[in-house]
Amino acid sequence: MKDAVRKIGFILVFTALSLCFAKDGSAQVYDYERMSSAIVNMLNAATDFIADNFEIINTHNAKVGQPLPKGELHSYKGINPEGFASIVGKQFAQKTGITIKFVSRGKGKHGPRNNSGKPDAWEAKQLEKFSRIQYPKGVGYGEVEQVGDKELYKMVYRYIYPLYIEHRCLKCHGNPARSPTGDGKDATGFEMEDFKLGELSGAISIIFPIE
Ligand code: HEC
């Protein structure tokens with residue numbers, strides 16, 4: 001009898017403890033998810049701003065908020081939406097240890113625009129999921145993952161958010177027949193991939209180290 005009571009007591013304490021830990025763990029994951037979503041919104045605001053003001057930035061005597069002056073010289077200053085966000089991301093990573101990447105599978109014969117945009121195995125798997133018709137649009141995905149080998153592993157929280165082609169993206173990632181330089185390239189010198197409106201172009205991928 002005593003033994004049975006002790007056993008039940010043990011089971012109850014064990015269950016309560018594991019529930020506490022589970023709750024703690026999922027609360028932490030929820031925090032990471034909220035932080036990821038905030039970072040994604042911030043980055044999207046930055047890329048949208050650069051995309052919308054791309055001509056202004058690269059035209060002599062042009063000012064944000066004013067119409068594009070006619071007949072002025074145009075020259076690419078080297079700032080493009082994702083390039084700018086990646087630079088911001090690198091500085092952010094140095095200060096916080098949280099890494100940010102823009103990834104893409106490219107389209108047709110076009111791969112991602114540069115090597116840093118190449119998805120790793122986990123990102124490739126999520127991009128494949130995002131591209132399925134039944135996947136709800138605009139929904140990010142996150143999970144805790146173990147990285148590194150068995151002995152030197154660490155835990156990270158990974159989050160990935162799908163990016164779709166909007167009107168403002170087409171001038172660079174759209175139809176190469178509409179190339180501003182007439183050679184199939186966009187104003188930044190990259191080959192235009194012929195993405196269509198609403199199509200999945202890639203994703204923002206974030207990695208949080210877990211202490
Ligand atoms: C002014 C031209 C321009 C516009 C507009 C633009 N992009 Fe890009 N995009 C680029 C360039 C250039 C790169 C390569 C950036 C780099 O790594 O230097 C890039 C990279 C990317 C990447 C990373 C994958 C890769 O191929 O390197 C994604 C995803 C992406 N763009 C999506 C978008 C989306 C979505 C929009 C619209 C909201 C958009 N872009 C608008 C020029 C543009």
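The values are calculated or read from the model by the stated rules, or taken from the named source; none is laboratory data. Everything numeric in this text was worked out from a predicted model, so none of it was measured. All Cβ positions, even for glycine, are placed from backbone atoms using ideal geometry, and neighbour counts span all protein chains on display.
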Legend entry - Matching residues, segment 117-137, being within 13 Å of I204 (Cβ to Cβ), within 12 Å of the ligand (Cβ to nearest atom) and out of contact with any helix residue (DSSP H, G or I) (no Cβ under 7 Å at 6 or more places or on another chain): G117, E123, L127, F130
Inset, instruction - Tell me which of these F84 doesn't satisfy, since it passes every other one: (1) crowded, with 16+ Cβ neighbours inside 10 Å; (2) part of a helix (DSSP H, G or I); (3) under 13 Å from the mean Cα position of the chain (by Cα). - result: (3)
Inset, instruction - Scan segment 171-202 for residues that are out of contact with any helix residue (DSSP H, G or I) (no Cβ under 9 Å at 6 or more places or on another chain) and more than 11 Å from the ligand (Cβ to nearest atom) and jot them down. - result: N175, P176, A177, S179, T181, G182
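Okay, residues lined up against (1) modelled with pLDDT under 95; (2) out of contact with any Lys or Arg (no Cβ under 6 Å at 6 or more places or on another chain); (3) away from the ligand (no atom under 15 Å from the Cβ):
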{"residue": "V29", "(1), (2), (3)": "yes, yes, yes"}
{"residue": "N41", "(1), (2), (3)": "no, yes, no"}
{"residue": "N44", "(1), (2), (3)": "no, yes, no"}
{"residue": "A51", "(1), (2), (3)": "no, no, no"}
{"residue": "A85", "(1), (2), (3)": "no, yes, no"}
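Residue-by-condition table, conditions (1) crowded, with 17+ Cβ neighbours inside 10 Å; (2) part of a loop (DSSP other than H, G, I, E, B):
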position: F102; (1), (2): yes, no
position: R105; (1), (2): yes, yes
position: R113; (1), (2): yes, yes
position: P119; (1), (2): yes, yes
position: E123; (1), (2): yes, no
position: L127; (1), (2): yes, no
position: K137; (1), (2): no, yes
position: E143; (1), (2): no, no
position: Q146; (1), (2): no, no
Inset, instruction - Being of a type in the set (F, W, Y) and either out of contact with any strand residue (DSSP E or B) (no Cβ under 7 Å at 6 or more places or on another chain) or buried (at least 18 other Cβ atoms within 10 Å of the Cβ) (or both) is the filter here, so list the residues in segment 160-211 that pass it. - result: Y161, F190, F195, F208
Inset, instruction - Return the only residue of K77, K101, K109, K90 being more than 9 Å from the ligand (Cβ to nearest atom) and within 23 Å of A38 (Cβ to Cβ). - result: K90
